[in-house]
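Asker: Starting off with a structure, shown below.
Bear in mind that the values in this text are calculations on the coordinates, not laboratory data. Every value quoted in this text rests on a predicted model; they were computed, and no experiment measured them. FYI the Cβ positions are ideal-geometry reconstructions off the backbone, even for glycines, and counts take in every protein chain you see.
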Amino acid sequence: MYNLTCDVAIIGGGPAGLSAAVAAKKESGGRVLVIERDESIGGILQQCIHPGFGLTYFKEELTGPEYAGRFADEAKELGVEFLLNSMVLDMDERAGTVTCVNREYGMTAITAKSIILAMGCRERTRANIMIPGSRPAGVYTAGSAQRLVNRQNEMVGKKVVILGSGDIGMIMARRMTLEGAKVLAVIELMDYLAGLTRNKVQCLDDFEIPLYLSHTITKIEGYQRVKGVYFAKVDENKKPIQETEQYIECDTILLSVGLIPENELTRKALIDISSITNGPKVNQYMQTSSENVFACGNVVHVNDLVDNVSTESIKAGKFAAQYAMNTLPKEEKAVENIAGENVRYLCPQSISVSPESEKVSLYFRVLHPDQNVKIIARDGDKVLASKKRIRVNPGEMEEITFNTGYISGSSVTVEVVKEGQES
Amino acid sequence: MKKEIICTVCPIGCHIAVEGEGDNIISMEGYGCKRGEQYAHAEFAHPVRILTTTVKTDSEKTPLIPVRSDKPVPKEKIMDCMAEIRKCLAKAPVGVYDILIEDVCDTGVNIVATGAVK
Ligand SMILES: Cc1cc2nc3c(=O)[nH]c(=O)nc-3n(C[C@H](O)[C@H](O)[C@H](O)COP(=O)(O)OP(=O)(O)OC[C@H]3O[C@@H](n4cnc5c(N)ncnc54)[C@H](O)[C@@H]3O)c2cc1C
Ligand code: SF4
């Protein structure tokens, strides 16, 4: 077995891993190593050739490869090391050892003072959502179609129906249209858009692609290749209404029905995982239940904006480096963050309170869309922070910030209530 | 002409109703702020988009290279630009921000690489 040692080892070389690497190197100057299974760094952004990245972080509109390139260049300049073509198979978090297979060295063991998980996420597939009908060729997840079209030069079909109004599906609707395919419908089960409004305007409306909210595919037809789909409106219990069933002839179906954090390794290491985000539970330092293991990016919770991924990953990098140097603030007590009214989950899930007061930001998604609301973070009856929002939407991440010095109890609750109705 | 424009400047997504002809706007309602007003004006009179796609390369290992327009392209010219870009074959090596097509379809916009081929 080939052996390596470093201060901070990062699993995954996507935007999360790269931002964390840059921050860890800046904080400590120690040895920082990024382990990536692909032959190149950049993660999912390498296939996201569309614009829309970096609007908050760099204040300009970049494409995925450009955004990843900026962090990759900075990481290289700072002297971050990379181990490419290396699939991590195992992690012994107590010993601080990560085991991977590298194309050149074979089995390789990396021992680090702290480890950062940045493995990203994978797409939900047909098996995860159960659509009836035959199993012909021509059914792809939107992301795998994106990889084929944008990196491998393989056109996946001519007449396309997209299930799910997630961002990747809408982006692929535009991409396929630009490449000469006809996108006949985008079908969404919920009565609201899953992705960003910006993508509906620029990817669907621009090309007059119809969006069917509160609809679902009832059956896929075709023996060897997809021939068409039946779809129908759903009632308030999300059951298809038979009389509204329609048929569309098509040769391709793209599924854009959500992402799941990639947490095989985390699970094996018995690190606490949230049943809602499917990612490891973290505190504001992005530290998991194993104190030398940190996590950031889509492996923790699915982000729609890579800018948020970078912000969160910079924290993970900085604090993992502090842990390696033994300068991470000492915990006095742990405070649990509780999702209150109209809040699906909070990330971080807990706050490590130390004698020194610091600012923490809690990120969350609402359960259902609402208007003219107030976001409130409270510790019992005491309001820690509150802010007004004209519109909230499950598709867009929200945030609230306060000082840890104000917390006196053992939990913080965040709720989203109609303005004027807060107690 | 009347048009409803959804503002994409911030996540609030105001629905802005605009009436007029080109730059001559008669009425505008529903914007939540100044930035939205500017956006709706531009989107009504001269809608533009950043165009991103891929260009074929002569490299076997990297058959495609991602590209973008270095400035926004008028919306109605997008399909013409795509037809032009489809004819292009990039010869390796290509560096990030190398110009692959100059002044595509007389728009004054260049198509530049956003990735690299060795
Ligand atoms: C298809 C798609 C379109 C998107 N569009 C936009 C957009 O328009 N605008 C925007 O702001 N955001 C967008 N996003 C979101 C943004 O790209 C993601 O939030 C971001 O890429 C997440 O970064 P990450 O580093 O956590 O994950 P990833 O980019 O997925 O990187 C994870 C990396 O870890 C590696 N890895 C995983 N497991 C292992 C292992 N066991 N061993 C070694 N390496 C491993 C993977 O190979 C990969 O390189 C999009 C996301 C997707 C999936
Ligand atoms: S008009 Fe202003 S407030 Fe409304 S969506 Fe646009 S930027 Fe946001």
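Asker: Hey, fewest Cβ within 10 Å first, where do A:301, A:50, B:46 land in order? If you can, show how the numbers build up before the last one.
Answerer: Working: A:301 28, A:50 24, B:46 13.
If I rank by nearby Cβ atoms, fewest first, I get B:46, A:50, A:301.
Asker: Between segment A:139-166 and segment B:21-60, what is the C-alpha centre distance in whole Å?
Answerer: First find each Cα centre; the distance between them is then 26 Å.
Asker: Using DSSP to define loop residues, name the trypsin sites (Lys or Arg not before Pro) in segment A:308-412 whose beta-carbon has at most 16 other beta-carbon atoms within 10 Å.
Answerer: Counting only loop positions with at most 16 other Cβ atoms within 10 Å, the trypsin sites (Lys or Arg not before Pro) in segment A:308-412 are A:330, A:344.
Asker: With point charges of +1 on the Cβ of Lys and Arg and -1 on the Cβ of Asp and Glu, referenced to the Cα centre of segment A:88-155, which listed residue (A:112, A:125, A:89) lies farthest in the positive direction of the dipole?
Answerer: Towards the positive end, the residue furthest out is A:125.
Asker: Hull surface divided by four, with the convex hull built on the Cα atoms of the protein assembly as shown: how many nm²? Walk me through the numbers on the way to the answer.
Answerer: Values: hull surface 108.3 nm².
Convex hull of Cα atoms, orientation-averaged projection: 27.1 nm².
Asker: Which one of A:337, A:412, A:311 is farthest out on the positive end of the charge dipole of segment A:294-423, using unit charges on Cβ (Lys, Arg +1; Asp, Glu -1) and the Cα centre as origin?
Answerer: A:311
Asker: On to the next question. Using a simple charge model, +1 on the beta-carbon of Lys and Arg, -1 on the beta-carbon of Asp and Glu, nothing else, what dipole does chain A show about its Cα centre, in debye to the nearest 20?
Answerer: That gives a dipole near 460 debye.
Asker: Pairing the Cα long axis of helix A:306-325 with the longest principal axis of chain A, what angle in degrees results, from 0 to 90 and rounded to the nearest 10?
Answerer: It works out to around 20 degrees.
Asker: Return the long-range amide H neighbours of residue A:122 (sequence gap of 5 or more, or a different chain), with a cut-off of under 5 Å between placed amide H atoms.
Answerer: Amide H neighbours of residue A:122, under 5 Å, 5+ apart: A:260, A:262.
Asker: Compute the long axis of helix B:34-45 from its Cα atoms, compare it with the longest principal axis of the Cα atoms of chain B, and write down the angle in degrees, 0 to 90, nearest 10.
Answerer: 70 degrees
Asker: Separate question: For segment A:340-390, what is the convex hull volume of its Cα atoms per residue in Å³? Don't jump to the answer; show the numbers that get you there.
Answerer: Details: hull volume 4.8 nm³, N = 51.
That works out to 93 Å³ per residue.
Asker: Something else about it: Evaluate the Debye formula for chain B with equal point scatterers sitting on the alpha carbons, no solvent, and hand back log10 of I(q)/I(0) at q = 0.15 Å⁻¹, in q order, two decimals.
Answerer: Log-scaled intensity ratios, in q order: -0.73.
Asker: Report the residue, chosen from A:235, A:38, A:191, that carries the largest GNM mean-square fluctuation when chain A is represented by alpha-carbon nodes joined by springs under 10 Å.
Answerer: A:235
Asker: Oh, and also: How large is the helix-only mean residue ellipticity at 222 nm for chain B, computed as the sum of -39500 (n - 2.57) over DSSP H runs with n ≥ 4, divided by its residue count, in deg cm²/dmol to the nearest 500?
Answerer: Details: 2 runs with 21 residues, N = 118.
Taking each H run of at least 4 residues, the total per residue is -5500 deg cm²/dmol.
Asker: Continuing with this model, one more query. Kirkwood hydrodynamic radius, segment A:247-315, all distinct C-alpha pairs: what's the number in Å?
Answerer: Details: mean 1/r = 0.0738 Å⁻¹.
The Cα-based Kirkwood calculation yields 13.6 Å.
Asker: Right, something else. Starting from the Kirkwood radius over alpha-carbon pairs of segment A:339-423, derive D by Stokes-Einstein at 25 °C in a medium of 0.890 mPa s and give it in µm² s⁻¹. Numbers along the way, then the final one.
Answerer: On the way: Rh = 13.0 Å.
Answer from the Stokes-Einstein relation: 188 µm²/s.
Asker: For residue B:101, enumerate residues with amide H under 5 Å from its amide H, sequence gap 5+ or separate chain, H modeled in the peptide plane.
Answerer: B:111
Asker: Still on this structure, I have one more. Ignoring GluC sites (Glu not before Pro) that are buried or in helix or strand per DSSP, and keeping those with at most 12 other beta carbon atoms within 10 Å, what is the longest stretch of chain B between them?
Answerer: Of all site-free stretches, the longest is B:1-59.
Asker: Per residue of chain A, what 222 nm ellipticity follows from adding -39500 (n - 2.57) for every DSSP H run with n ≥ 4, rounded to the nearest 500?
Answerer: -6000 deg cm²/dmol
Asker: To continue, here is another question. Work out, step by step, the length gained on full extension between residue A:153 and residue A:381: first 0.36 nm times the residue separation, then minus their alpha carbon distance; give nm to one decimal.
Answerer: Difference between extended and current length: 76.3 nm.
Asker: Give me, ordered by chain and number, the residues 5 or more places off residue B:54 or on other chains with an amide H under 5 Å from its own placed amide H.
Answerer: B:67
Asker: Could you derive backbone 3J(HN,Hα) for segment A:395-410 from the dihedral phi with the Karplus parameters 6.51, -1.76 and 1.60 (θ = phi - 60°), listing whole Hz in sequence and x where the residue is Gly or Pro?
Answerer: Calculated HN-Hα couplings, in order: x, 10, 6, 10, 8, 9, 10, 8, 9, 5, x, 7, 7, 10, x, 10 Hz.
Asker: If you don't mind, another one. Taking 0.36 nm per residue of sequence separation and subtracting the Cα-Cα distance, how much length would be gained by fully extending the chain between residue A:85 and residue A:356, in nm to one decimal?
Answerer: Details: separation 271, 0.36 × 271 = 97.56 nm, distance 4.21 nm.
Once the chain is fully extended between residue A:85 and residue A:356, it gains 93.4 nm.
Asker: Calculate how large, on average over all directions, the projected area of the Cα convex hull of segment A:191-327 is; give the answer in nm² to one decimal.
Answerer: Its Cα hull, projected and averaged over all orientations, spans 12.0 nm².
Asker: On a C-alpha basis, how far is the centre of segment A:1-73 from the centre of segment A:300-329 in Å? Whole number, if you could?
Answerer: First find each Cα centre; the distance between them is then 12 Å.
Asker: First measure r as the distance between the Cβ atoms of residue A:2 and residue B:87, then evaluate 1/(1 + (r/R0)^6) with R0 = 45 Å and state the FRET efficiency to the nearest 0.05.
Answerer: After rounding, the FRET efficiency stands at 0.40.
Asker: Contour minus end-to-end for residue A:192 and residue A:223, with contour as 0.36 nm per residue of separation and end-to-end as the Cα-Cα distance?
Answerer: 7.9 nm
Asker: Another one. Rounding to the nearest 20 debye, state how big the charge dipole of segment A:295-354 is about its Cα centre with +1 on each Lys and Arg Cβ and -1 on each Asp and Glu Cβ.
Answerer: 200 debye
Asker: Tell me which chymotrypsin sites (Phe, Trp or Tyr not before Pro) from segment B:9-118 have a DSSP coil assignment and no more than 15 other beta carbons within 10 Å of their own.
Answerer: Details: sites: B:31, B:39, B:44, B:97; in loops: B:31, B:97.
Of the chymotrypsin sites (Phe, Trp or Tyr not before Pro), the ones in loops of segment B:9-118 whose Cβ has at most 15 other Cβ atoms within 10 Å are B:97.
Asker: How many partner chain Cβ atoms sit within 10 Å of a residue's Cβ in peptide A:63-70, on average, as a whole number?
Answerer: 4
Asker: Does anyone have the angle between helix A:142-151 and the longest principal axis of chain A? Alpha-carbon axes, 0 to 90°, nearest 10?
Answerer: 80 degrees
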